[in-house]
Amino acid sequence: MTTARATVLLGVNIDHAATLRQARYRETPHTHGGFVEPDPVFVALLAEQAGADSITAHLREDRRHMRDDDLRRLRESIQTRLNLEMACHDAIARFALALRPDSVCLVPENRSEVTTEGGLDVVADFDRVSDIVARMSAAGIATSLFIDPNPEQVAAAAAARAQLVELHTGAFANAFYDNLRREAELLRLRRAAEQAANLDLAVNAGHGINYVNIRDVLTIPHLNELNIGHAILSRALLNGIGEAVSAMKARLRGE
Ligand code: PXP
């Protein structure tokens, strides 16, 4: 008898909706209620209607895409969970404590990158990371650490008392069309997921996951939730956000 695996949850990262808005409105002070498009909060609400299990937004130090007010409006309006991506900076940590998202995901932040690139170095940044985890835990906010799938980082995430890890699937996604490298990256992800689960960390994954490579991603054990942005927002340009989210949910159900 085979046991059915629990359906993996879908977190939709809506940062690129704000990237598109800022491409036009960055230099123009704007108010919500005026004609400013696209509104990332509206995108989040449509994603939820189509089955998203949570919404992720990254408040960057330079406010390149999401702005403080977007996060506040998300917190007030979405019905699912709000996951705030953030760097280990004190000012953003204070913002998070006031906002009260359901979870935060700590990521490295580099001003020149287009999107988050490598994973967080929890080993090198252990004290800063542990401090933020402790402050979030005291406020009832779960902390996820976005890490590369390597054993030292997983062990450090558990030692820092994080509740979740988000395994960085970027190297796997980049290697997808090279059979040997793809299998090697998948093996790293599977081993990191086993190790994390053994250490009582919930296992999320994200970065570079799309409608094609998701089948392989789903072979990683213990997955709780996948956080996906670019592929869903790109498909939404052609098909609408509702179809893009429902199609990804169908992939998660193995359809
Ligand atoms: N998870 C994290 C921590 C991210 O920073 C991002 C965006 O860079 C994603 C997931 C989503 O990645 P993508 O847009 O490639 O789906």
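All of the numbers you see were taken from the coordinates with simple rules; none came from a lab. Note that the structure is predicted; figures quoted are calculated from it, not measured. Cβ coordinates were reconstructed from backbone atoms using ideal geometry, including for glycine residues, and neighbour counts include every protein chain displayed.
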Calc'd 3J(HN,Hα), segment 163-176, phi into Karplus 6.51 cos²θ - 1.76 cosθ + 1.60 (θ = phi - 60°), Hz, glycine/Pro = x, comes to 8, 9, 10, 10, 6, 6, 9, x, 5, 4, 4, 5, 8, 4
Quick one: net charge around Asn13, please, counting Lys, Arg +1 and Asp, Glu -1 for every other residue with C-beta under 12 Å from its C-beta.
-4
So Asn174 and Gln79, fully extended at 0.36 nm per residue minus their Cα-Cα distance, gain in nm 30.8 nm
Kindly provide the helix-only [θ] at 222 nm of the chain, computed as the sum of -39,500 (n - 2.57) over DSSP H runs of four or more divided by all residues, to the nearest 500 deg cm²/dmol?
-13500 deg cm²/dmol
Mind giving me the FRET efficiency for Asp121 and Ala159? R0 is 22 Å, r the Cβ-Cβ distance, nearest 0.05 is fine.
0.95
Give the long-range amide H neighbours of Leu9: residues separated by 5 or more places, or on another chain, with amide H under 5 Å away, using H modelled in the peptide plane at 1.01 Å from N.
Glu225, Leu226
Please state the charge dipole magnitude for the chain, taken about the Cα centre, from unit charges on C-beta atoms (+1 on K and R, -1 on D and E), reported in debye and rounded to the nearest 20.
440 debye
Amide H to amide H under 5 Å from Cys105: which residues, 5+ apart in sequence or cross-chain, H placed 1.01 Å off N in plane?
Leu84, Glu85, Met86, Ser144
With all pairs of different alpha carbon atoms counted, what Kirkwood hydrodynamic radius in Å does the chain show?
18.4 Å
Based on DSSP H assignment, which helices of the chain show an axial Cα extent of at least 24 Å together with a mean Kyte-Doolittle hydropathy greater than or equal to -1.0?
179-198
